[in-house]
Amino acid sequence: MTATSPDRAVTARPAAQPPNYLTEGGSTLRSWLLTHDHKRIAILYALTITVFFFFGGAAAAMIRLNLVTPPGIFAADTYNRLFSIHGIVMVWFFLIPSIPNTLGNFLLPMMIGAKDLAFPRINLLSWYLFVAAGVVALFAVIAGGVDTGWTFYTPFSTMYSNSYVILAISAVFISGFSSILTGLNFIVTVHRLRAPGMTWYRLPIFVWSNYSTAIILVLATPVLAITLALLAVERLLQVGIFDPALGGDPLLFQHLFWFYSHPAVYIMILPGFGVISEVVPCFSRKPIFGYKFVAWASVSFTAVSFLVWAHHMFVAGMSVYAALVFSLLSYIIAVPSAIKVFNWTATLHKGWISFDAPMLYALGFIGLFTTGGLSGLFTANLAFDVHVTDTYFVVAHFHYIMVGGMVSAYFAGLHFWWPKITGRIYHEWWARIAALLIFVGFNLTFFPQFILGYLGMERRYHSYPPEFQFWNILSSAGASILALGYVMPLFYLTWSLYRGQRAGANPWAATGLEWTTPSPPPKHNFDKTPTVTRPPYQYRPEPEPQDAQGHA
Amino acid sequence: MPDIRPEPQYATLEQQADVAVFGMWIFLATEVLFFGGMLFAYTVYRGVYPEGFAEAGRHTKIVIGTVNTVILLTSSFVVAWAVHLAERGRGRGVAVLLGVAALLGTVFLGLKGFEYYQEWHEGLVPGLRFEETGPHAHAMELFYLLYFMMTGVHGFHVTIGIGLMATMAVRAWRGAFSSAYHTPVEITGLYWHFVDIVWIFLYPLIYLVGRSGG
């Protein structure tokens, strides 16, 4: 073992490396924790959300373990806490911050030719708020757990559940401020810090999507914040805002909650669309088809996402006319989704497709997101929704979009920009295997849940009638494959940091501004502020990438 | 005259100022929605319990509310004047005016505190000391809960505003600003106008509509 360490030191730190954001400004803990550099803050986020991802994933694994046999291995109460932990951690501490705060933070300024985000100190502050929120959430989970699910529905959360509800919602409240500040930073940056020549129609789609996401963050999150504050007050003072026994209205909570939380679905998925719109053109060697449509589809999500919240409440007691209107509006949101999917497939059409790892993840995304989206049309249908409400059909539907879609997109982006972020190439073969495992494992886990839901298996129950066992075993088996697929990148990506080949500035021969600067980029992104003269995605069919140094 | 350079991510001081003002506007948009959630709850329950809310509204202290409205409007005018002077580089004048505005904000908080004190004595504080009985007691409790939340959050914003204006006053007195660089004064001004506008919505909802029904 001693023989390998000198080699390793040599590969890790050669003398010829130009100064970059990892070396400039020092590598002490202090220099990282007080950094104002958007790239370093992105890394801090990435490390934090990875911890949450595996924490929430462990809870998911226990849920699937419990559901292998009908009586289950956990008591009902433990099971309730497990799915609440899973939901709270994954939604609030992984899905919402994942792409915007890591890849978005890293890439958004570079893609528009800026030196940093508009407010670097606020950017750092939002990371600290996020960490504080995470600590509070983990404390709530460890101290007593919460059994309300991630939605905190009243009056259960205000009257019956244990008092760690207040801690848990405080955590969500604090992380909300982190979201608002990030969104604000993105909007101002895109509006005001674009490089000369970077017009709106020259922005990469990734920037359009993160910009649209930021608008939703800024407009929806404050409503959630005040809703949770009302919930906390009701719980503390026992005055009926939401509790019908005290004269309040639980539907008011649901309206306010979903007014945020349905748009939040687009907070989670829109940045994913952005990633796919970068990866697909690059590995098809073609400009994205219908650039303006894709860009405006992102923006139209922000508008429509605020008009569909009540489709979560079809069976909660709404007038039939209101339900019809929300059903119709929910169909409409399929239009921009379909525009995106059609434009990606049109981009693929007659392209020089190469199946590198980012592309495999992206193709997986398209398949899984489309399945999730189509099942969304089922649930937008009023009559069908009444049949499947609160069954595993809905669980499968949102996992196809959130996990199959969003997590695949996050992995696609992570693999695509990994050489830019770290300056290293990971082991391509292992990355492809992981991508395939995730795709197979995912489908095996969640497709049976569509069937279970259609057959009538209720969600959030720790046990079930024995006739559902076959599909549950399939689902749990799939989950173990999925888990393996998710753990693998942890190893080969870490390995690449020490042993990976040098990436060079542009290993994929991609056309975005971020690829014109060295990998890893220098502290202020560009040695000289670039002037943009061309639209994005000027790809031509090229079997061999230009940069022979990086790409095997 | 201090030598002020833009921060590294900006090309010019003008750009830095522009970005700061734009950021403040977006922040204020989030604030509108933050208060919007409470106003929405208020609107819903006013529709559900019209008599109870009218009854509760008649218990509010209209004299204090009105005096406070006048104080806030005056302070907003003073701040606008301060921003006007800041654009002309008149640091001392800016300092004095911001000091006056901060003082007016403090008086507002003092009066608000006195109002809370009276409400405590009359048993109008939900959950802690609520002594109303009668057919509308529950609706009144809801009204007062929303009242304390809305005015409490507003008061919190006033407190931050006072701190900001006091800080800016000190900096202006020391000559930190000039006609070329006075962005902090400008965005403090924006913030204070927002605090004022929120009150313009709260005042009629809390003190006036309950009395209109007779």
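With respect to chain A, whose longest principal axis is taken over its alpha-carbon atoms, helix A:357-380 is tilted by about 30°.
Of the accessible area of chain A, computed with a 1.4 Å probe over protein heavy atoms only, carbon and sulfur atoms account for 71 percent. Remark on A:R424: its backbone amide H falls under 5 Å from those of A:A503, a criterion applied only to residues 5 or more positions apart or on other chains, H modelled at 1.01 Å from N.
Pairs of Cα atoms nearer than 8 Å and 6+ residues apart set the relative contact order; for chain A it is 18 percent.
Round to the nearest 0.05 the FRET efficiency obtained for A:V135 and A:N20 when R0 = 35 Å and r is the Cβ-Cβ distance.
Working: r = 31 Å, r/R0 = 0.88.
After rounding, the FRET efficiency stands at 0.70.
A DSSP coil position with no more than 16 other Cβ atoms inside 10 Å describes the following trypsin sites (Lys or Arg not before Pro) in the range B:1-104: B:R88. A simple rule links phi to the HN-Hα coupling: the Karplus curve 6.51 cos²θ - 1.76 cosθ + 1.60 with θ = phi - 60°, which for the range B:86-91 gives 4, 4, 9, x, 8, x Hz, with x for Gly and Pro. The C-alpha atoms of chain A define a longest principal axis, and helix A:334-348 lies at about 30 degrees to it. Each 10 Å bin from zero up to the one holding the largest Cα-Cα distance in chain B carries the following percent of pairs: 8, 30, 29, 18, 11, 4, 0.
Derived scalar couplings between HN and Hα for the range A:294-305 equal 5, 4, 6, 4, 4, 5, 5, 4, 4, 5, 5, 4 Hz in order, rounded to whole Hz, by the Karplus curve 6.51 cos²θ - 1.76 cosθ + 1.60 (θ = phi - 60°), x for Gly and Pro. 3J(HN,Hα) along the range A:280-286: 4, x, 5, 8, 9, 6, 9 Hz, from the Karplus curve 6.51 cos²θ - 1.76 cosθ + 1.60 with θ = phi - 60°, whole Hz, x for Gly and Pro. Using a probe of 1.4 Å, the accessible surface attributed to A:H349 totals some 110 Å² when neighbouring protein chains are kept in position. Helix-only arithmetic for chain B: the sum of -39500 (n - 2.57) across DSSP H runs with n ≥ 4, divided by the residue total, places the mean residue ellipticity at 222 nm at -27000 deg cm²/dmol.
With the convex hull drawn around the C-alpha atoms of the range A:339-404, the volume per residue stands at 78 Å³. Buried accessible surface for the B/A pair, both sides summed and rounded to the nearest 100, is 2800 Å² with a 1.4 Å probe. Counting only other residues whose beta carbon sits under 12 Å from that of B:L146, what net charge do I get with K and R as +1, D and E as -1? That sum, taken over residues with Cβ under 12 Å, equals -1. Residues whose amide H lies under 5 Å from that of A:T391, counting only those 5 or more places away or on a different chain, are A:R459; hydrogens are built 1.01 Å from N in the peptide plane. One chain, two ends: A:E428 and A:L328. Fully extended at 0.36 nm per residue, the span grows by 31.5 nm beyond their Cα-Cα distance. Normalise the Cα radius of gyration of the range B:151-205 by 2.2 N^0.38 Å (N = residues in it) and let me know the number. The range B:151-205 yields a ratio of 1.31.
Under a model in which nothing but the beta-carbon of Lys, Arg (+1) and Asp, Glu (-1) is charged, the protein assembly as shown shows a dipole of about 2040 debye around its Cα centre. Loop-only check: which chymotrypsin sites (Phe, Trp or Tyr not before Pro) in the range A:313-379 are DSSP coil with at most 15 other Cβ within 10 angstrom? Here the sparse-neighbourhood loop sites are A:W352, A:F355. For the protein assembly as shown, the per residue solvent-accessible surface stands at 39 Å², with DNA, RNA and ligands left out and a 1.4 Å probe. Interface residues of the range A:160-208, defined as those with an accessible-area decrease of at least 50 Å² between the chain by itself and the complete set of protein chains (probe 1.4 Å), are A:L184, A:R192, A:L193. Only helical runs count toward this figure. For chain A, summing -39,500 (n - 2.57) over DSSP H runs of n ≥ 4 and dividing by all residues gives -21000 deg cm²/dmol at 222 nm.
Which positions within the range A:211-234 get 20 Å² or more of their accessible surface covered by the other protein chains, compared to the chain by itself, with a 1.4 angstrom probe? At a threshold of 20 Å² (probe 1.4 Å), the residues of the range A:211-234 that become less exposed are A:V218, A:L219, A:P222, A:V223, A:I226, A:L230, A:V233.
Gyration tensor over the Cα atoms of the range A:414-474: the corresponding equivalent ellipsoid has semi-axes (square roots of 5 times the eigenvalues, largest first) of 38, 12, 8 Å.
Site pair A:A58 and A:Q538 shows an inter-label distance of 5.0 nm when each label is modelled 7 Å from Cα along Cα→Cβ.
Output needed for chain A: three equivalent-ellipsoid semi-axes, defined as square roots of 5 times the C-alpha gyration tensor eigenvalues, in descending order, whole Å.
Semi-axes, largest first: 38, 25, 25 Å.
Determine the residues within the range A:236-260 where the difference in accessible area between the chain on its own and the full set of protein chains amounts to at least 30 Å²; count protein heavy atoms only and use a 1.4 Å probe. Buried on complex formation: A:L237, A:V239, A:I241, A:G247, A:L252, A:L256. Counting only alpha carbon atoms, the long axis of helix A:164-192 and the longest principal axis of chain A meet at about 40°.
The values are calculated or read from the model by the stated rules, or taken from the named source; none is laboratory data. All figures in this text were calculated on a predicted structure; none of them were measured in a lab. Don't worry about glycine lacking a Cβ; one is built from the backbone with ideal geometry, like all the others, and counts go over all protein chains shown. Keep in mind that these areas ignore ligands, DNA and RNA; they rest on the heavy atoms of the full protein, side chains included. Shrake-Rupley method; radii C 1.70, N 1.55, O 1.52, S 1.80 Å.
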